[in-house]
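All of the numbers you see were taken from the coordinates with simple rules; none came from a lab. No experiment lies behind these values; they were computed from the predicted model shown. Methodologically, a virtual Cβ is constructed for each residue, glycine included, from the backbone with ideal geometry; neighbour enumeration extends over all protein chains shown.
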Amino acid sequence: MGKYRPIIVTADCGSLTRAGKILGYAQPNMGSIVTRFENELGVKLFTRSKHGVTLTKTGEKLVDIMRQIDDMEEYLQEVSVRTRTERFRVGVFQSVASQWMPQVMTRFFQENPDTVFHMEHLNRNLEGEQGILENWLDCAFFRGTNYPEGMQYIPLITEPFYLLVPDNSPLSEVTTLRLEDAVGDFPFIRTDEEFDNEESYKEIRQKLMERDIIKVSASDDHTVITLVSQGLGMSLIPRLSLSGITPEHRVKAIPLQDAPTRSIGLILPKKPEDPALTTQFVALMQARVREWEQTHMVSLS
């Protein structure tokens with residue numbers, strides 16, 4: 001409890017008895033506390049009567065100052081606690097968590113060894129937006145560029161989709177092709193990951209639906225890879241998810257001449273709760289994405 005809290009509560013209640021009940025003091029003790037403050041300051045803060053207490057003119061001015069000091073003391077305590085156990089909370093989706101976050105977290109902890117880092121796995125952009133608005137996320141990865149108003153958006157990468165086919169498909173020998181020449185009547189597996197705000201992907205998906213060849217819908221890219229490896233169809237998969245493919249999957253990712261793309265960025269508040277940590281995380285992530293792109297441009301060439 002702040003030093004001036006008894007005086008502030010007494011002023012708000014207009015009664016030593018009521019103030020004492022709130023603060024856990026008996027009425028005589030409250031009277032002694034108020035008298036001690038008045039003697040310490042050398043002024044009369046309250047006028048007493050049988051109906052309670054009221055602030056004097058001088059008391060009104062001094063209690064206003066006490067309120068400001070009390071608010072600052074409370075804020076000081078909050079900052080002190082936060083500094084001792086700093087937290088940083090990021091909303092992620094699966095491929096980002098596996099491909100980018102480990103290296104970024106390693107570097108982040110080197111500079112902030114006492115910070116608690118929390119990853120919240122998200123299924124939809126809306127969850128990240130809500131997390132930031134409700135202050136349980138400091139930032140979140142966002143698929144697409146149609147980011148919510150009132151937030152910052154930091155673009156990170158725009159990546160192409162690849163056509164994923166079983167390795168025993170006739171298409172597995174092709175080095176590149178147009179998607180329209182590939183699909184034919186072969187079943188197409190659609191992922192439920194949030195690409196609907198990507199216009200190029202949305203347009204192609206609509207064409208596939210019109211041709212009635214979307215047969216299966218899966219929850220995420222890793223499930224899609226497994227379904228394709230079992231010969232259940234072909235699919236589109238973004239470059240970031242290609243790293244989830246192992247030799248055991250027995251699939252082939254084919255570059256497309258008319259490849260749809262998706263954008264990935266970070267959304268964060270206009271005024272982050274901890275600007276220093278947020279700025280540091282964004283810089284580390286931008287560096288990691290550049291590093292990842294250079295490595296994967298070589299491996300895919």
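Things to note:
- Ordered by the number of other Cβ atoms lying within 10 Å of each residue's own Cβ, fewest first, 30, 66, 119, 101 fall into the sequence 119, 101, 66, 30.
- Taking GluC sites (Glu not before Pro) across segment 242-301, the ones in a DSSP loop with at most 16 further Cβ atoms lying within 10 angstrom of their Cβ are 273.
- Ordering 70, 138, 12 by the number of other Cβ atoms within 10 Å of each residue's own Cβ, fewest first, gives 12, 70, 138.
- Folded to 0 to 90 degrees: helix 27-41 orientation relative to the chain principal axis, Cα: 90
- Cα-based helix-to-principal-axis angle, 101-111 vs the chain, degrees rounded to 10: 40
- Backbone amide hydrogens, once placed in the peptide plane, bring residue 167 within less than 5 Å of 251, 252, excluding anything fewer than 5 places away on its chain.
- Listed residues 158, 169, 225: farthest to the positive end of the dipole of the chain (Cβ charges): 158
- With eigenvalues of the C-alpha gyration tensor scaled by 5 and rooted, the chain, Å: 63, 19, 15
- 5 angstrom amide H check on residue 15, placed H, neighbours 5+ away: 53
- Spherically averaged projected area in nm², based on the convex hull that wraps the Cα atoms of segment 5-84: 5.8
- Helix axis angle, 275-300 relative to the chain longest principal axis, alpha carbon, degrees: 10
- Under a Gaussian network description of the chain, with springs only between Cα atoms under 10 Å, the residue in 144, 24, 233 that fluctuates furthest is 24.
- Where labels lie 7 Å past Cα in the beta-carbon direction, separation of residue 146 and residue 114 in nm: 4.5
- Pairs of Lys in the chain closer than 21 Å at Cα, counting only those 8 or more apart or on different chains: 9
- Each 5 Å bin from zero holds the following percent of Cα-Cα pairs in segment 1-152: 2, 8, 13, 13, 10, 7, 6, 6, 8, 9, 8, 6, 3, 1, 0.
- Listed residue (47, 68, 236) projecting farthest to the positive dipole end of the chain, Cβ model: 47
- Evaluated with a Cβ-only charge set (Lys, Arg +1; Asp, Glu -1), the chain carries a dipole of roughly 1540 debye about its Cα centre, given to the nearest 20.
- Helical runs assigned H by DSSP (4 residues or longer) give the chain a calculated mean residue ellipticity at 222 nm of -14500 deg cm²/dmol, each run adding -39500 (n - 2.57) before division by the residue total.
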